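Written below as structure tokens is the structure these notes are about.
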Amino acid sequence: QVQLVESGGGLVQAGGSLRLSCTASGSIRRINDMGWYRQTPGNQRELVAIATSGGNTNYVDAAKDRFTISRDNAKNTVYLQMNSLKPEDSAVYYCQADVVRLGYFRSSVYWGQGTQVTVSS
């Protein structure tokens, strides 16, 4: 199996910064895309940023110029540096990875357990 463990959430004042981390472990052959999503109560989970194994990145408009996604492929880890945080960034942030497991050829999507980010005004 594959596990994703997130860390780095917490409470921060508006204008502050947080750095989220997510490490994948288990029977991993290869990781394709890794990304961050967020969800608020009553709403669907939405994409925040995604990074391919080759280093390409893509962001939702609300995250551009404030958030930076990066990967350490040797550590199977993805990061999300969040700067200039706003109260509307408050959400549970989930890590997602598209993983090819050992002994398999097709990938499957795995999710972390989520980490709470709260931005106070």
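Ligands, DNA and RNA left out, the accessible area of the chain computed with a 1.4 Å probe is 46% carbon and sulfur. Multiplying the residue separation of residue 107 and residue 29 by 0.36 nm and subtracting their alpha-carbon distance yields 27.1 nm.
Label separation (residue 81 vs residue 66): 1.7 nm, computed from points 7 Å beyond Cα along the C-beta direction. For the chain, leaving out every one of the chymotrypsin sites (Phe, Trp or Tyr not before Pro) that falls in a DSSP loop and has at most 13 other Cβ atoms within 10 Å, the longest unbroken run is 1-103.
What accessible area per residue comes out for the chain, rounded to a whole number of Å², with a 1.4 Å probe?
Accessible surface, normalised per residue, equals 53 Å².
Within the listed set 15, 54, 42, the residue fluctuating most in the Gaussian network model of the chain (springs between alpha-carbon atoms under 10 angstrom) is 42.
The values are calculated or read from the model by the stated rules, or taken from the named source; none is laboratory data. If you're wondering where the values come from, they're calculated on a predicted model, not measured in any experiment. We place every Cβ from the backbone using ideal geometry, glycine too, and count neighbours over all the protein chains shown. Protein only, heavy atoms only, side chains kept; ligands, DNA and RNA dropped before computing areas. Shrake-Rupley method; radii C 1.70, N 1.55, O 1.52, S 1.80 Å.
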